[in-house]
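Undergrad: I'd like to ask some things about the structure below.
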Amino acid sequence: MRLTWHTTELELAEPLRISRSVMVRRDAVWISIEHGGLTGWGEVVSSDYLGLPTPRIVRHLTMVRAGIERLPDPETAWDEHVTESLPGLSELPAGVLAGVEAALLDLVGKRAGRPAHQMLGAHTAPAVQTARTIGIVAPVQAAAQAARLALAGFTVLKIKAGSPDPAEDLARVRAVQVGAPAVSLLLDPNGAWTERQAIDLLPRFAELGITAVEQPIAPGSPDSLARVAKESPVPVIADEDAVSYEDAVALAGLVHGVNVKLAKCGGVRAALRIHDALRGSGTDLMLGCLTASSLGIAPAVHLADRARWVDLDGHLLLADDPWTGIDGADGTVRAADRAGLGVRRTHMAVVR
């Protein structure tokens with residue numbers, strides 16, 4: 001096998017403001033694993049919040065290249081859970097591990113002539129409604145975005161919150177409700193509130209039609225999050241507090257949901273393990289993502305039928321997506337029935 005990679009830049013169609021930052025672009029490292037004339041692809045996106053700058057991604061890929069290339073074929077790597085068979089690979093950052101795993105899944109699926117969802121135990125290709133994010137913007141802009149997205153076919157919108165003055169967040173939610181009155185609304189303060197603020201504010205947001213809230217308080221205090229969940233009139237979904245399998249298991253039964261992102265937990269296998277661990281606990285699965293291309297989002301789409309909430313819109317936030325194959329512009333993401341991940345590169349992005 002041959003492992004290579006290159007880096008490109010993904011630019012957002014417009015800046016995305018959340019409570020802790022504003023994002024306009026991010027790097028994507030495209031991983032390719034070649035064997036027998038076929039190539040499997042995966043993507044790792046840089047993230048300051050997750051401590052994953054581009055040089056660190058490249059450094060880790062360089063460290064594991066020789067070990068992966070010594071394996072006889074991709075099936076061996078996939079069947080033996082490559083992280084368990086290669087020294088050092090288990091120490092990869094979760095985002096890098098997820099990207100390597102995605103490239104292997106894509107290649108093994110192509111060699112078998114089977115789509116990724118079948119490799120992961122689903123008979124039919126998932127096709128599910130995804131939430132679409134509205135950032136921290138003025139109410140007039142939020143209403144216009146909501147109306148446009150509802151017209152395009154979106155039935156779920158996620159509204160970012162966490163403004164210094166909660167009245168601004170309330171006004172934004174009211175505006176979205178006016179712009180798209182038939183749409184289901186999620187709220188995401190990205191940990192901006194205190195426990196007391198969350199308990200006081202969530203009933204007011206519930207009155208405006210919010211149906212669930214992600215990570216209302218700062219991460220690091222699962223007990224506080226559990227208390228908020230107990231008091232909340234709407235489901236509380238852990239995100240920044242639910243990074244790993246161990247985090248999710250510790251929160252099972254204490255919150256209504258955990259937001260699993262492959263870049264946080266380490267890939268599709270880890271996500272399935274979390275899904276199995278949550279079964280029967282009263283805590284449901286949400287599938288989320290980072291801003292990424294269709295290549296980066298595709299592995300999660302192949303798992304999307306396992307989730308109660310789906311927020312796989314990262315590719316829809318881009319000014320130019322160099323990959324295609326999972327749809328989403330009409331509010332529905334669809335796993336392709338083509339072999340592997342089922343995505344195709346539409347053009348060459350700027351590579352460095």
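Undergrad: With a/c under 1.5 counting as rounded, go ahead and sort the range 28-164 into rounded, prolate or oblate using the C-alpha gyration tensor (a ≥ b ≥ c being the square roots of the eigenvalues; past the cut-off, prolate if a/b is larger than b/c, else oblate).
TA: The shape class here is oblate.
Undergrad: Enumerate the lysines that Lys158 could reach by cross-link, defined here as Cα to Cα under 27 Å, with residues fewer than 8 away along the same chain left out.
TA: Partners within reach: Lys230, Lys261, Lys264.
Undergrad: Taking the Cα centre as origin and putting +1 on Lys and Arg beta-carbons and -1 on Asp and Glu beta-carbons, what dipole magnitude results for the chain, to the nearest 20 debye?
TA: Roughly 440 debye for the chain.
Undergrad: Turning to a different aspect of this structure: Where Lys and Arg each count +1 and Asp and Glu each count -1, what net charge lies around Leu120 among other residues with Cβ under 13 Å from its Cβ?
TA: For residues surrounding Leu120, the net value is 0.
Undergrad: Can you give the net charge of the other residues whose Cβ lies under 12 Å from the Cβ of Ala167, counting K and R as +1 and D and E as -1?
TA: Its environment carries a net charge of 0.
Undergrad: Could I ask something else about it? Using the alpha-carbon atoms, what tilt in degrees (0 to 90, nearest 10) does helix 54-70 show relative to the longest principal axis of the chain?
TA: 40 degrees
Undergrad: Does anyone have the angle between helix 139-152 and the longest principal axis of the chain? Alpha-carbon axes, 0 to 90°, nearest 10?
TA: So the helix axis and the longest Cα principal axis differ by about 50 degrees.
Undergrad: Given the rule -39500 (n - 2.57) for each run of at least 4 DSSP H residues, summed and divided by the residues of the chain, what is its mean residue ellipticity at 222 nm, to the nearest 500 deg cm²/dmol?
TA: Helix contribution divided over all residues of the chain: -11000 deg cm²/dmol.
Undergrad: Which net charge results when you count Lys and Arg as +1 and Asp and Glu as -1 among the other residues whose beta-carbon is under 14 Å from that of Gln129? Walk me through the numbers before you get to the answer.
TA: Working: positive: Arg132, Lys158, Arg308, Arg334; negative: Asp305, Asp311, Asp313, Asp327, Asp330.
Around Gln129, the charge tally is -1.
Undergrad: Report relative contact order for the chain in percent, whole number only (criteria: Cα-Cα under 8 Å, sequence separation at least 6).
TA: Across the chain, relative contact order equals 20 percent.
Undergrad: Further question: If you restrict to DSSP beta bridges whose two residues both lie in the range 238-345, what percentage is antiparallel, to the nearest 5?
TA: Beta bridges within the range 238-345, antiparallel portion: roughly 30 percent.
Undergrad: Pull out a ≥ b ≥ c, the square roots of the eigenvalues of the alpha-carbon gyration tensor of the range 148-299, then state rounded if a/c is under 1.5, prolate if not and a/b is larger than b/c, and oblate in the remaining case.
TA: Oblate, since a/c reaches 1.5 and b/c is not below a/b.
Undergrad: For the chain, modelled as a GNM with alpha-carbon contacts under 10 angstrom, which of Pro166, Pro55, Pro219 fluctuates the most?
TA: Maximum fluctuation in the GNM of the chain, among the listed residues, is at Pro55.
Undergrad: A further question on this structure: How far apart, in nm, are the 7 Å Cα→Cβ label points at Glu75 and Arg204?
TA: Those two pseudo-labels are separated by 6.1 nm.
Undergrad: Here's a follow-up. So what is the relative contact order for the range 1-150, in percent, with contacts set as C-alpha pairs under 8 Å and at least six apart?
TA: Relative contact order here is 23 percent.
Undergrad: Picking from Glu240, Glu69, Glu214, which is most flexible by a Gaussian network model of the chain using Cα springs under 10 Å?
TA: Maximum among the listed residues: Glu69.
Undergrad: Which angle from 0 to 90°, rounded to the nearest 10, does the C-alpha axis of helix 94-112 make with the longest principal axis of the chain?
TA: The answer is roughly 60 degrees.
Undergrad: Show me, bin by bin at 10 Å from 0, the whole-percent P(r) of the range 1-76 based on Cα pairs.
TA: Calculated P(r), rounded to whole percents: 16, 42, 26, 13, 3.
Undergrad: Is the shape of the chain best called rounded, prolate or oblate, per the rule: a/c under 1.5 gives rounded, else a/b larger than b/c gives prolate, else oblate, with a ≥ b ≥ c the square roots of the Cα gyration tensor eigenvalues?
TA: Working: a/c = 1.84, a/b = 1.57, b/c = 1.17.
Prolate, because a/c is 1.5 or more and a/b exceeds b/c.
Undergrad: Ignoring ligands and nucleic acids, what accessible area does His256 show with a 1.4 Å probe (Å², nearest 10)?
TA: 60 Å²
Undergrad: Over the range 173-243, what per residue volume does the convex hull of the Cα atoms give, in whole Å³?
TA: Convex hull volume per residue, Cα atoms: 77 Å³.
The values are calculated or read from the model by the stated rules, or taken from the named source; none is laboratory data. The shown structure was predicted, so the numbers you read here are calculated from the model rather than taken from an experiment. No Cβ is skipped: glycine too gets one built from the backbone with ideal geometry, and neighbour counts run over all protein chains shown. Heavy atoms of the whole protein, side chains included, go into the accessibility calculation; ligands, DNA and RNA do not. Shrake-Rupley method; radii C 1.70, N 1.55, O 1.52, S 1.80 Å.
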